[in-house]
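Asker: Pasting a structure below so you can have a look.
The values are calculated or read from the model by the stated rules, or taken from the named source; none is laboratory data. As the structure is a prediction and not an experimental result, all values here were calculated from the model. Ideal geometry is used to build each Cβ from the backbone, glycine not excepted, and the neighbour counts take in all protein chains shown. Accessible surface areas use protein heavy atoms only, side chains included; no ligands, DNA or RNA. Shrake-Rupley method; radii C 1.70, N 1.55, O 1.52, S 1.80 Å.
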Amino acid sequence: MNTPEHNGFSWTVPKADDFYREWRDGRLRAAEEALSAGFVEIADLSSPSESEKNELIRRCRAANLALYQAPQGADLRDDLRRFAQAFDLRIAERHRSAGGDGIVALRQSDAPSQRGYIPYSKRQMNWHTDGYYNAPDERISAMVLHTAHPADDGGSNRFLDHTIAYIRLMDENPDYIRALMHPAAMVIPANEDEGSERPASTGPVFFADPDTGAMQMRYTARTRSIAWRDDALTREAVEFLQSTLETPDPLTISLRFEAGQGVLCNNVLHDRTGFDSEARAHSRRTVYRVRFHNRVKGS
(Lines give C-alpha, C1' and ligand atoms only; values in the text may rest on other atoms or scores of the structure.)
Protein backbone atom coordinates (compact mmCIF):
# COMPACT_ATOMS: atom_id res chain seq x y z
CA MET A 1 0.00 0.00 0.00
CA ASN A 2 1.05 3.57 -0.58
CA THR A 3 2.14 5.67 2.36
CA PRO A 4 -0.25 8.52 3.25
CA GLU A 5 2.00 11.21 1.75
CA HIS A 6 1.72 9.60 -1.69
CA ASN A 7 -1.95 8.59 -1.67
CA GLY A 8 -3.82 10.11 -4.60
CA PHE A 9 -0.66 11.68 -6.00
CA SER A 10 0.32 11.27 -9.65
CA TRP A 11 4.02 11.43 -10.46
CA THR A 12 3.20 12.14 -14.12
CA VAL A 13 1.40 15.47 -13.60
CA PRO A 14 2.54 16.91 -10.26
CA LYS A 15 3.70 20.45 -11.01
CA ALA A 16 0.58 22.21 -9.69
CA ASP A 17 0.26 19.88 -6.73
CA ASP A 18 1.09 21.27 -3.26
CA PHE A 19 2.67 17.99 -2.23
CA TYR A 20 4.97 18.07 -5.23
CA ARG A 21 6.19 21.62 -4.53
CA GLU A 22 6.97 20.76 -0.92
CA TRP A 23 8.50 17.43 -1.91
CA ARG A 24 10.67 19.06 -4.59
CA ASP A 25 12.04 21.71 -2.25
CA GLY A 26 12.71 19.12 0.44
CA ARG A 27 14.57 16.79 -1.91
CA LEU A 28 16.79 19.57 -3.20
CA ARG A 29 17.64 20.71 0.33
CA ALA A 30 18.38 17.16 1.44
CA ALA A 31 20.60 16.48 -1.57
CA GLU A 32 22.54 19.67 -0.81
CA GLU A 33 23.02 18.58 2.81
CA ALA A 34 24.09 15.09 1.72
CA LEU A 35 27.07 16.56 -0.16
CA SER A 36 28.81 17.35 3.13
CA ALA A 37 27.10 14.90 5.52
CA GLY A 38 30.06 12.52 5.64
CA PHE A 39 29.93 8.98 7.02
CA VAL A 40 27.79 7.48 9.77
CA GLU A 41 30.16 5.71 12.19
CA ILE A 42 29.00 2.15 12.92
CA ALA A 43 30.73 0.35 15.78
CA ASP A 44 29.65 -3.15 14.69
CA LEU A 45 28.38 -3.68 11.15
CA SER A 46 26.68 -6.94 12.13
CA SER A 47 24.64 -5.23 14.86
CA PRO A 48 24.12 -1.49 14.36
CA SER A 49 22.77 0.35 17.40
CA GLU A 50 19.36 1.99 17.42
CA SER A 51 20.92 5.44 17.09
CA GLU A 52 23.08 4.28 14.17
CA LYS A 53 20.09 2.67 12.45
CA ASN A 54 17.94 5.77 13.01
CA GLU A 55 20.54 8.02 11.43
CA LEU A 56 20.96 5.76 8.41
CA ILE A 57 17.18 5.62 7.94
CA ARG A 58 16.88 9.39 8.38
CA ARG A 59 19.43 10.00 5.64
CA CYS A 60 17.81 7.48 3.31
CA ARG A 61 14.41 9.05 3.92
CA ALA A 62 15.77 12.52 3.15
CA ALA A 63 18.12 11.82 0.24
CA ASN A 64 17.74 8.10 -0.61
CA LEU A 65 21.27 7.26 0.51
CA ALA A 66 23.52 7.12 3.56
CA LEU A 67 27.29 6.72 3.65
CA TYR A 68 28.74 4.68 6.51
CA GLN A 69 32.02 3.29 7.80
CA ALA A 70 32.63 0.37 10.12
CA PRO A 71 35.50 -1.82 11.34
CA GLN A 72 36.15 -4.86 9.18
CA GLY A 73 35.03 -8.03 10.96
CA ALA A 74 36.40 -11.53 10.54
CA ASP A 75 33.43 -12.62 8.40
CA LEU A 76 32.41 -9.64 6.29
CA ARG A 77 29.81 -11.50 4.26
CA ASP A 78 27.99 -12.60 7.41
CA ASP A 79 28.25 -9.07 8.83
CA LEU A 80 26.63 -7.65 5.70
CA ARG A 81 23.83 -10.21 5.85
CA ARG A 82 23.11 -9.29 9.47
CA PHE A 83 23.34 -5.58 8.60
CA ALA A 84 20.61 -6.10 5.99
CA GLN A 85 18.46 -7.97 8.50
CA ALA A 86 18.65 -5.00 10.87
CA PHE A 87 16.69 -2.98 8.28
CA ASP A 88 14.26 -5.78 7.32
CA LEU A 89 15.75 -5.80 3.83
CA ARG A 90 14.93 -8.80 1.64
CA ILE A 91 18.05 -9.94 -0.21
CA ALA A 92 17.18 -10.18 -3.90
CA GLU A 93 20.36 -11.49 -5.46
CA ARG A 94 19.97 -14.64 -7.53
CA HIS A 95 23.07 -13.91 -9.56
CA ARG A 96 25.27 -16.93 -10.21
CA SER A 97 28.15 -15.14 -8.47
CA ALA A 98 26.15 -14.53 -5.29
CA GLY A 99 26.64 -17.88 -3.62
CA GLY A 100 24.14 -19.01 -1.04
CA ASP A 101 24.02 -15.77 0.94
CA GLY A 102 22.99 -13.43 -1.87
CA ILE A 103 26.18 -11.36 -1.65
CA VAL A 104 28.34 -10.72 -4.72
CA ALA A 105 32.05 -9.90 -4.57
CA LEU A 106 32.79 -7.38 -7.32
CA ARG A 107 36.44 -7.78 -8.25
CA GLN A 108 38.58 -8.28 -11.32
CA SER A 109 37.99 -11.84 -12.47
CA ASP A 110 38.85 -14.16 -15.34
CA ALA A 111 36.40 -16.83 -14.25
CA PRO A 112 34.42 -18.14 -17.25
CA SER A 113 31.11 -16.99 -15.76
CA GLN A 114 32.41 -13.44 -15.14
CA ARG A 115 34.84 -12.78 -17.97
CA GLY A 116 33.65 -9.98 -20.24
CA TYR A 117 31.24 -8.44 -17.72
CA ILE A 118 32.23 -4.91 -16.70
CA PRO A 119 31.61 -5.28 -12.92
CA TYR A 120 34.35 -7.94 -12.89
CA SER A 121 36.85 -5.83 -14.79
CA LYS A 122 38.87 -2.66 -14.19
CA ARG A 123 36.82 -0.74 -16.72
CA GLN A 124 34.66 2.29 -16.09
CA MET A 125 30.97 1.67 -15.37
CA ASN A 126 28.53 4.23 -16.75
CA TRP A 127 25.60 5.73 -14.87
CA HIS A 128 22.95 3.18 -13.93
CA THR A 129 20.63 1.90 -11.27
CA ASP A 130 21.10 -1.71 -10.25
CA GLY A 131 18.90 -4.40 -11.75
CA TYR A 132 17.69 -2.24 -14.65
CA TYR A 133 17.40 -5.46 -16.66
CA ASN A 134 15.17 -7.20 -14.10
CA ALA A 135 11.49 -7.97 -14.62
CA PRO A 136 9.07 -5.75 -12.60
CA ASP A 137 8.42 -8.47 -10.03
CA GLU A 138 12.19 -8.81 -9.51
CA ARG A 139 12.87 -5.10 -9.18
CA ILE A 140 15.83 -3.88 -7.11
CA SER A 141 14.65 -1.20 -4.68
CA ALA A 142 17.69 -0.86 -2.41
CA MET A 143 21.30 -1.96 -2.19
CA VAL A 144 24.54 -1.88 -0.23
CA LEU A 145 27.99 -1.40 -1.73
CA HIS A 146 30.74 -2.11 0.80
CA THR A 147 34.45 -1.72 0.07
CA ALA A 148 36.64 -4.47 1.52
CA HIS A 149 39.78 -3.48 -0.43
CA PRO A 150 40.05 -0.22 -2.41
CA ALA A 151 41.99 0.00 -5.63
CA ASP A 152 45.50 1.36 -5.44
CA ASP A 153 44.47 3.95 -8.02
CA GLY A 154 41.02 4.97 -9.27
CA GLY A 155 37.79 3.11 -8.61
CA SER A 156 35.91 6.23 -7.48
CA ASN A 157 32.13 6.44 -7.42
CA ARG A 158 29.54 9.10 -8.11
CA PHE A 159 26.04 8.98 -6.64
CA LEU A 160 22.96 11.04 -7.45
CA ASP A 161 19.59 10.65 -5.77
CA HIS A 162 17.35 9.60 -8.66
CA THR A 163 14.65 11.99 -7.46
CA ILE A 164 16.98 14.86 -8.36
CA ALA A 165 17.17 13.56 -11.93
CA TYR A 166 13.36 13.40 -11.93
CA ILE A 167 13.17 17.01 -10.73
CA ARG A 168 15.61 18.24 -13.39
CA LEU A 169 13.52 16.59 -16.11
CA MET A 170 10.25 17.91 -14.68
CA ASP A 171 11.67 21.45 -14.44
CA GLU A 172 12.86 21.29 -18.05
CA ASN A 173 9.74 19.76 -19.58
CA PRO A 174 6.99 17.80 -17.76
CA ASP A 175 6.38 15.86 -20.96
CA TYR A 176 9.83 14.28 -20.50
CA ILE A 177 8.55 12.63 -17.33
CA ARG A 178 5.44 11.33 -19.05
CA ALA A 179 7.63 9.86 -21.79
CA LEU A 180 9.99 8.14 -19.35
CA MET A 181 7.12 6.77 -17.27
CA HIS A 182 5.65 5.06 -20.33
CA PRO A 183 5.46 1.29 -19.66
CA ALA A 184 7.54 0.60 -22.80
CA ALA A 185 10.06 3.44 -22.42
CA MET A 186 13.13 1.21 -22.12
CA VAL A 187 13.75 -2.34 -23.35
CA ILE A 188 16.69 -4.51 -22.33
CA PRO A 189 16.93 -7.44 -24.78
CA ALA A 190 17.10 -11.01 -23.56
CA ASN A 191 20.43 -12.42 -22.45
CA GLU A 192 21.07 -15.87 -23.90
CA ASP A 193 24.54 -16.43 -22.43
CA GLU A 194 24.71 -19.81 -20.73
CA GLY A 195 24.27 -19.43 -17.00
CA SER A 196 22.98 -15.85 -17.30
CA GLU A 197 19.82 -16.44 -19.31
CA ARG A 198 17.02 -13.95 -18.76
CA PRO A 199 14.09 -12.76 -20.89
CA ALA A 200 13.79 -9.29 -22.40
CA SER A 201 12.82 -6.65 -19.86
CA THR A 202 10.44 -3.85 -20.86
CA GLY A 203 9.35 -1.07 -18.54
CA PRO A 204 9.44 2.59 -17.53
CA VAL A 205 12.44 4.60 -16.37
CA PHE A 206 10.58 6.30 -13.51
CA PHE A 207 7.86 4.52 -11.56
CA ALA A 208 6.11 4.58 -8.20
CA ASP A 209 7.34 1.91 -5.81
CA PRO A 210 4.36 -0.45 -5.44
CA ASP A 211 4.94 -0.88 -1.69
CA THR A 212 5.36 2.77 -0.67
CA GLY A 213 4.41 4.98 -3.61
CA ALA A 214 7.88 6.59 -3.49
CA MET A 215 9.65 7.48 -6.70
CA GLN A 216 11.99 4.80 -8.04
CA MET A 217 14.13 4.63 -11.18
CA ARG A 218 15.30 2.02 -13.68
CA TYR A 219 18.08 3.29 -15.96
CA THR A 220 21.35 2.63 -17.73
CA ALA A 221 23.49 4.99 -19.79
CA ARG A 222 24.83 2.09 -21.85
CA THR A 223 24.29 2.34 -25.59
CA ARG A 224 24.60 -1.36 -26.45
CA SER A 225 21.95 -3.99 -25.70
CA ILE A 226 19.29 -1.40 -24.99
CA ALA A 227 16.34 -0.06 -27.00
CA TRP A 228 14.45 3.13 -26.27
CA ARG A 229 10.85 3.72 -27.28
CA ASP A 230 10.99 5.06 -30.81
CA ASP A 231 9.46 8.51 -30.55
CA ALA A 232 10.93 12.00 -30.59
CA LEU A 233 9.91 12.96 -27.06
CA THR A 234 11.55 9.90 -25.52
CA ARG A 235 14.76 10.56 -27.44
CA GLU A 236 14.78 14.19 -26.24
CA ALA A 237 14.15 13.13 -22.64
CA VAL A 238 16.97 10.56 -22.73
CA GLU A 239 19.39 13.07 -24.22
CA PHE A 240 18.52 15.63 -21.54
CA LEU A 241 18.93 13.05 -18.78
CA GLN A 242 22.31 11.92 -20.12
CA SER A 243 23.47 15.53 -20.32
CA THR A 244 22.32 16.18 -16.74
CA LEU A 245 24.29 13.22 -15.44
CA GLU A 246 27.47 13.88 -17.38
CA THR A 247 27.68 17.64 -16.76
CA PRO A 248 27.52 16.52 -13.84
CA ASP A 249 24.58 17.72 -11.78
CA PRO A 250 25.89 19.94 -8.92
CA LEU A 251 24.18 17.68 -6.36
CA THR A 252 26.26 14.66 -7.41
CA ILE A 253 28.30 13.06 -4.61
CA SER A 254 31.80 12.05 -5.74
CA LEU A 255 34.10 9.99 -3.54
CA ARG A 256 36.54 7.12 -3.35
CA PHE A 257 35.70 4.59 -0.66
CA GLU A 258 38.36 3.30 1.70
CA ALA A 259 38.28 -0.13 3.35
CA GLY A 260 35.26 -0.46 5.65
CA GLN A 261 33.29 2.30 3.96
CA GLY A 262 30.09 1.86 2.02
CA VAL A 263 26.68 3.13 1.02
CA LEU A 264 23.17 2.03 1.94
CA CYS A 265 20.67 3.42 -0.54
CA ASN A 266 17.33 3.12 -2.29
CA ASN A 267 19.03 2.14 -5.56
CA VAL A 268 20.16 5.62 -6.53
CA LEU A 269 21.99 6.47 -9.73
CA HIS A 270 25.70 5.65 -9.54
CA ASP A 271 28.78 5.00 -11.65
CA ARG A 272 32.42 3.96 -11.21
CA THR A 273 35.68 5.12 -12.71
CA GLY A 274 38.20 2.67 -14.07
CA PHE A 275 40.95 1.58 -11.71
CA ASP A 276 44.48 0.12 -11.54
CA SER A 277 45.92 0.42 -15.03
CA GLU A 278 45.86 -2.41 -17.52
CA ALA A 279 49.62 -2.61 -17.20
CA ARG A 280 49.05 -4.30 -13.84
CA ALA A 281 48.09 -7.94 -14.18
CA HIS A 282 45.68 -8.01 -11.28
CA SER A 283 43.89 -5.62 -8.92
CA ARG A 284 42.94 -6.44 -5.34
CA ARG A 285 39.96 -4.03 -5.34
CA THR A 286 36.98 -5.86 -3.83
CA VAL A 287 33.54 -4.39 -3.28
CA TYR A 288 30.67 -6.44 -1.87
CA ARG A 289 27.24 -5.82 -3.35
CA VAL A 290 23.96 -6.75 -1.68
CA ARG A 291 20.70 -5.96 -3.49
CA PHE A 292 17.19 -5.94 -2.08
CA HIS A 293 13.61 -6.17 -3.29
CA ASN A 294 12.33 -3.57 -0.80
CA ARG A 295 13.36 -0.03 0.10
CA VAL A 296 15.14 0.84 3.34
CA LYS A 297 12.38 0.72 5.95
CA GLY A 298 10.99 4.08 6.98
CA SER A 299 12.35 5.82 3.89
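Asker: Can you work out the Karplus-derived ³J(HN,Hα) for every residue in region 283-299? Use 6.51 cos²θ - 1.76 cosθ + 1.60 with θ = phi - 60°, whole Hz, and x for glycine or proline.
Answerer: 10, 8, 3, 9, 10, 8, 10, 10, 10, 9, 6, 10, 6, 4, 4, x, 10
Asker: List the residues whose amide H sits under 5 Å from the amide H of residue 40, counting only those 5 or more places along or on another chain, with H placed 1.01 Å from N in the peptide plane.
Answerer: Under 5 Å from the amide H of residue 40: 67, 68, 69.
Asker: Order 261-270, 31-40 from most to least packed using the mean count of other Cβ atoms within 10 Å.
Answerer: 261-270, 31-40
Asker: Oh, and also: Work out from phi, with θ = phi - 60° and the Karplus expression 6.51 cos²θ - 1.76 cosθ + 1.60, the ³J(HN,Hα) of each residue of region 181-186, listed in order in whole Hz, and give x for Gly and Pro.
Answerer: 9, 5, x, 10, 5, 9
Asker: What distance in nm lies between label points placed 7 Å from Cα along the C-beta direction at residue 254 and residue 297?
Answerer: Placing both labels 7 Å along Cα→Cβ, they lie 3.8 nm apart.
Asker: Along Cα→Cβ, 7 Å out, is where each label goes; now give me the distance between the ones at residue 239 and residue 138 in nm to one decimal.
Answerer: According to this spin-label approximation, the distance is 3.4 nm.
Asker: Next question. For region 18-80, calculate the relative contact order in percent as a whole number, restricting contacts to Cα pairs under 8 Å that are 6 or more residues apart.
Answerer: Relative contact order here is 38 percent.
Asker: Sticking with this structure for a sec: Residue 153 to residue 78: extension gain in nm, 0.36 nm per residue of separation minus the Cα-Cα distance?
Answerer: Full extension from residue 153 to residue 78 adds 24.2 nm.
Asker: In a Debye calculation with equal point scatterers on the alpha-carbon sites of the chain and no solvent, what is log10 I(q)/I(0) at q = 0.07, 0.11, 0.16 Å⁻¹?
Answerer: -0.25, -0.65, -1.47
Asker: For the chain, calculate the relative contact order in percent as a whole number, restricting contacts to Cα pairs under 8 Å that are 6 or more residues apart.
Answerer: After rounding, I find 34 percent.
Asker: Once amide H atoms are placed 1.01 Å from N in the peptide plane, what residues at a sequence separation of 5 or more from residue 215, or on another chain, have their amide H within under 5 Å of its amide H?
Answerer: 209
Asker: Take residue 123 and residue 41, extend 7 Å from each Cα along the Cα→Cβ direction, and tell me the distance between the two endpoints in nm.
Answerer: 4.1
Asker: Considering only protein heavy atoms, what per residue accessible area in square angstrom results for the chain with a 1.4 angstrom probe?
Answerer: 45
Asker: Taking the Cα centre of the chain as origin and charging only Cβ (+1 Lys, Arg; -1 Asp, Glu), how large is the dipole, in debye to the nearest 20?
Answerer: The dipole of the chain has a size of about 400 debye.
Asker: Additional query: With a cut-off of at most 12 other beta carbons within 10 Å, and DSSP calling the residue loop, which GluC sites (Glu not before Pro) in region 199-299 qualify? Please list them.
Answerer: 258, 278
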